[in-house]
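Below: one structure, written as structure tokens.
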Amino acid sequence: QVQMVESGGGSVQTGGSLRLSCAASGRSFSRYTLGWFRQAPGKDREFVAAISASGITYYSDSAKGRFTISRDNAKDTVTLQMNTLKPADTAVYYCAATKEVSTMSPQSYDYWGQGTQVTVSS
């Protein structure tokens, strides 16, 4: 059974940092693009960052310069380091996996975690 489990969410103040991790199991994800999405209350799920199997990274405009995505293929994990957090970053963050090389569309992702809450207070 394929599972993706996020960890590392929490509450921080503006300007703080959090590190989200996602552990995948049930199959090897070394050839998958791994991504992070987020969803705030009343809003659509939006792309945050992704990393291809070869290590090419993609970021949303809001994440660029503040967030860093990385992966460890040996452990089937993907990490999102989030710095200089803002209240607008408050959301449930999800990790996901897709066989497509580069995509920012949630519909392209085949596997999803259950999400982890990130709350940034002013």
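Put simply, of Q114, Q107 the only residue that is in a loop (DSSP other than H, G, I, E, B) and open to solvent by 10 Å² or more (accessible area, probe 1.4 Å) is Q114.
Pairing each residue of the stretch 101-122 that is farther than 18 Å from Y58 by Cβ and modelled with pLDDT of 95 or more with any residue that is of a type outside the set (F, W, Y) and in a helix (DSSP H, G or I), provided the two are 6+ apart or on different chains, yields C-beta distances under 6 Å for V120/P87; V120/D89.
Of the residues A40, A49, A63, A53, the single one that is surrounded by 15 or more Cβ atoms within 10 Å (Cβ to Cβ), closer than 17 Å to P87 by Cα and among the aliphatic types (A, V, I, L, M) is A63. Filtered by the rule that a residue be under 13 Å from L18 (Cα atoms) and surrounded by fewer than 16 Cβ atoms within 10 Å (Cβ to Cβ), the stretch 66-80 gives a lone residue, R66.
Here G65 qualifies as assigned to a loop (DSSP other than H, G, I, E, B) and either touching a Ser or Thr at 6+ places or on another chain (Cβ under 9 Å) or closer than 17 Å to V5 by Cβ (or both). Does T90 qualify as being at positive phi, of a type in the set (S, T, Y) and either open to solvent by less than 70 Å² (accessible area, probe 1.4 Å) or in contact with a Gly (Cβ under 8 Å, 6 or more places away or on another chain) (or both)? Criteria not met by T90. Taking the stretch 1-26 as the range and being among the hydroxyl-bearing types (S, T, Y) and in a loop (DSSP other than H, G, I, E, B) as the test, the residues that pass are T14, S17. Considering the stretch 5-37, the residues that are of a type in the set (A, V, I, L, M) and open to solvent by less than 30 Å² (accessible area, probe 1.4 Å) include one that is nearest to A53 (Cα to Cα), namely L34.
For V48, are the conditions met, namely being farther than 24 Å from V2 by Cα, of a type in the set (A, V, I, L, M) and either assigned to a strand (DSSP E or B) or more than 11 Å from the chain's Cα centre (by Cα) (or both)? Against the criterion (farther than 24 Å from V2 by Cα, of a type in the set (A, V, I, L, M) and either assigned to a strand (DSSP E or B) or more than 11 Å from the chain's Cα centre (by Cα) (or both)), V48 does not qualify.
The values are calculated or read from the model by the stated rules, or taken from the named source; none is laboratory data. Here the structure is a predicted model, which is why all the values come from computation and not from measurement. So basically every Cβ, Gly included, is an ideal-geometry build from the backbone, and we count neighbours across all protein chains shown. Note: areas computed on protein heavy atoms with side chains; ligands, DNA, RNA excluded. Shrake-Rupley method; radii C 1.70, N 1.55, O 1.52, S 1.80 Å.
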